[in-house]
Structures are given as structure tokens and as C-alpha cells.
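The values are calculated or read from the model by the stated rules, or taken from the named source; none is laboratory data. Remember, it's a predicted structure, so these values are computed and weren't measured experimentally. So basically every Cβ, Gly included, is an ideal-geometry build from the backbone, and we count neighbours across all protein chains shown. Each accessible area value is taken on the protein alone, full model and side chains, heavy atoms only, with ligands, DNA and RNA left out. Shrake-Rupley method; radii C 1.70, N 1.55, O 1.52, S 1.80 Å.
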Amino acid sequence: MANEFETALKNVATSIAQYVKDASMMQVETHYVEIVGNDPAGFEKARPVARTIIKLDGDSETVVPMRKNEAGNSVVDTELFELHQQNVSTAIDYRARILNALLSTLSARG
Amino acid sequence: MSLSVFRYWDFPESSGAPAVSFAASEDETTPAATWRLDLPPDHQAATQALDMYASQAQASLQVLDALPERVESLVSRVQATDTAGLSFSAAEEPDLPSEDAGLLLSLFEIDRLAEQVSFGLEERLPQDWQVSYRQFQAAASRLLRSISHLAWVETSQGGQLLGRTAVGWAGDMQTVYLHALLPQQVGLHQRSLEVALASRYALIRLFTATVAASSRISLLLATPGGALLSLPAVWKYGNQILSEIERYKLVAAR
């Protein structure tokens, strides 16, 4: 039983190493949707608000929400963009913590 | 897992929420882990509930951060007093916390049985060990599914869904909010998402801390393969310490 588990742990370490290797990009999207009641299928009709793509080589790309102001000019929808930015911050923080935890697992297993 | 910091995670065995792939490693047949939190309709009560869950998650992480030092201290203490190896008396020290004493007794039992049998040791270990072993295996399986596949975070208030976020293993996120939510309702989902991710991270830390502590604690065992044999006992030890902290937080919150 212990040998089987040791093999499983080694497989986990290998998988984690592959995940870390593949994690070269992070994408955060924010959408909104109008649904009736709690119909989960309604989420498939969600419309995008903003998107941020962050690459580990330092490149990043953001699609920002715009709206027309009273003068008819396009301006950034600050409220929606701040909402999206909050999600981006949460994602960046989470990713940093998870990567640290995974890398510490690898070093602990040798 | 009975710890409240993890109890809103649902890890379905064979079917679940629809899979949305973020990564090449995504297996669309694997059901997604889902965090479902239904908050009270009153905003202040909802905020207080989130504060409590956030506090529990934070306390759990602090305990897990301190676990290596606690294990190291225990190992040093036993090595200083029991130069001939682990003995029953090590667990009877009057100032030893009950969780530490329980761990030492489990380790002593492993060594004692190892002296009596040359093979098939795992099958002869106490029922308690077998139960802890199965719990650790199940938790490890849940953890792997949690971190290697998509997870959903859903927040409701008074039964009304506010938002849903799909979280990839490495932080990719796709959030959908209901149209025309109040800013404070948007804030509730964002806070719920933070607590869910802190809880997910705590689960990973519990797992990695258990593996590392088992490696360290095996120094006390004379049995070959002690790190693996001690995994269930150390897993139980970590959970007991977390439960104790949760009880303390609940009493303090009253």
C-alpha cells in the first residue's frame, strides 16, 4: 500500500513539474449576464466586459470596457474596469501563492 | 474533510459542473470542484459571515506556516531525551500538547509492530492508521483534482446567484456577474472568491506540509520507509491542530 502511494506521489510531482512548465500565461476575463432565476444555462449567454492576458515574459494585453459619455466621446468605463482589475489582482496573488506551494512540494520531494 | 474552511468545496466523484478548458492539461471528463456559498440576505450578516470564513482561512495558513517549526521542535525534543530511539514515555511528558502526544504514540506503534513482523506491516497497523491512511489518500485525490482541473466558485445571497468564477489551476479566471447587481453584491462575490482561493491554497499547504513533516518525523522511526508509514499520522496531526484553532476562533467570535 505504501509503495503504491509512493509511486502516486512521484507521479504527482511529475505532473506538477509539467504544470509549472506549461504555466507561461494567465488570462483573466470578466463578463456579465442577465438571467432569470438561477438558471445556470443563462451563464452561457454572458457578455464580455474586459480581458487581461499576462505572459511570464513580461508582455501583457488588456481589453478595456468603453462607453460613450454625454458628449458622445468614447471613455473607459471606470466602474467596470475597476471591477475587472480587482479580479486580475486576485488572480495574480493566487497564482504566485500556488506556484510557490507547488515548487516547495517539488523541492521537498527532491 | 470536516474543517469548515474546506466545507464549501464540493468534489464530485463522477459528474458535476460543465468543464470549460483553460489549459492543455484539462480533462473535460473530470468533474470540476465547486465552491458554493450562499450568504444571508442581510448585507451586514453576509459581510460578517465572509469575515469569519476569511479569518478561519488566514488562521489555518498561519498554523500551517508554523507546522515545520513545531515538528522540528518535537523531533529535537524526542532526540534529546530518547537517545536509544522512540519510546512510549516520550508521549507521556506532562507539558506535551495532546496532538503531539498522539502523534508520538502513533509513531511508537508503527515501530513496535515493525519489530514483530517482517512483511505485511501496513495490514497489521491499527484500524486508526488504516482510517487515517484512507482519509489522506482521499484528500490527496481531491487536492489533485482541485489544483489540476478547473474549479468553480459560486456565490449566492438568500438563494439568488450573484456571480460565478471559473478558476484554472494556475489562476486563469473567467468571472460572470449577474447584470444590474449592486456594487456591494459584486463585492460579496469578489470576497467569496478570495476566501475560496485562500481555502484552496490552505488545502495545498496542508498537503505539502504533511509530506514535508512526514519526511522530518521519520527520523524518529527505526522502521524503513518511515516517512510513508507516518504520512497518515502526520495528516491526522495537522488536521487536529487546525480543528483546535477553528474551535478557538469560533469560541472567540461568540
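Among the residues of the range B:241-252, is any touching a Phe, Trp or Tyr at 6+ places or on another chain (Cβ under 7 Å), more than 10 Å from chain A (Cβ to nearest Cβ) and among the aromatic types (Phe, Trp, Tyr)? Scanning the range B:241-252, I find no residue that is touching a Phe, Trp or Tyr at 6+ places or on another chain (Cβ under 7 Å), more than 10 Å from chain A (Cβ to nearest Cβ) and among the aromatic types (Phe, Trp, Tyr), so the answer is no. Just one residue in the set B:201, B:237 is surrounded by 23 or more Cβ atoms within 10 Å (Cβ to Cβ) and aromatic (Phe, Trp, Tyr); that residue is B:237. Given the condition more than 12 Å from chain B (Cβ to nearest Cβ) and touching a residue at least 24 places away in the same chain (Cβ under 8 Å), answer yes or no: does some residue in the range A:50-61 qualify? The answer is yes; a qualifying residue exists.
If you go through the range B:69-91 one residue at a time, do you hit one that is open to solvent by less than 50 Å² (accessible area, probe 1.4 Å), modelled with pLDDT of 90 or more and out of contact with any helix residue (DSSP H, G or I) (no Cβ under 9 Å at 6 or more places or on another chain)? Checked against the condition, which is being open to solvent by less than 50 Å² (accessible area, probe 1.4 Å), modelled with pLDDT of 90 or more and out of contact with any helix residue (DSSP H, G or I) (no Cβ under 9 Å at 6 or more places or on another chain), the range B:69-91 yields no hits at all. Scoring residue B:117 on the criteria (1) at the interface with chain A (Cβ under 9 Å from one of its Cβ atoms); (2) at pLDDT below 70 leaves a single failure, condition (1). Looking across the range B:202-220, the residues that are within 13 Å of residue B:68 (Cα to Cα) and in contact with a Ser or Thr (Cβ under 6 Å, 6 or more places away or on another chain) come down to B:208, B:214, B:217. Here the condition is being touching a strand residue (DSSP E or B) at 6+ places or on another chain (Cβ under 6 Å), among the aliphatic types (A, V, I, L, M) and under 27 Å from residue A:43 (Cβ atoms); of B:166, B:170, B:180, it holds for B:166 alone. Among the residues of the range A:62-74, the ones that are surrounded by 11 or more Cβ atoms within 10 Å (Cβ to Cβ) and not basic (Lys, Arg) come to 5 in all. Out of the residues in the range B:215-230 that are open to solvent by less than 60 Å² (accessible area, probe 1.4 Å) and over 19 Å from residue B:76 (Cα atoms), state the one that is nearest to the other protein chains (Cβ to nearest Cβ). Among those residues, the one meeting the criterion is B:228. Taking the range A:55-79 as the range and being closer than 26 Å to residue B:183 by Cβ and part of a strand (DSSP E or B) as the test, the residues that pass are A:62, A:63, A:66, A:67, A:68, A:74, A:75, A:76.
For the range A:62-110, the set of residues classified as at pLDDT 90 or above and among the β-branched types (Val, Ile, Thr) consists of A:62, A:63, A:64, A:75, A:76, A:78, A:88, A:90, listed by residue number.
Inside the range B:174-198, residues that are open to solvent by 20 Å² or more (accessible area, probe 1.4 Å), more than 7 Å from chain A (Cβ to nearest Cβ) and part of a helix (DSSP H, G or I) make up a count of 5.
Taking the numbered list (1) within 7 Å of chain A (Cβ to nearest Cβ); (2) free of Cβ contacts under 8 Å to residues at least 60 places away in the same chain; (3) assigned to a helix (DSSP H, G or I); (4) within 24 Å of the chain's Cα centre (by Cα) in turn, residue B:171 passes all entries but (3). In the condition set (1) modelled with pLDDT under 85; (2) open to solvent by 40 Å² or more (accessible area, probe 1.4 Å); (3) more than 11 Å from every other protein chain (Cβ to nearest Cβ); (4) under 22 Å from residue B:102 (Cβ atoms), residue B:212 is compliant with all but (3).
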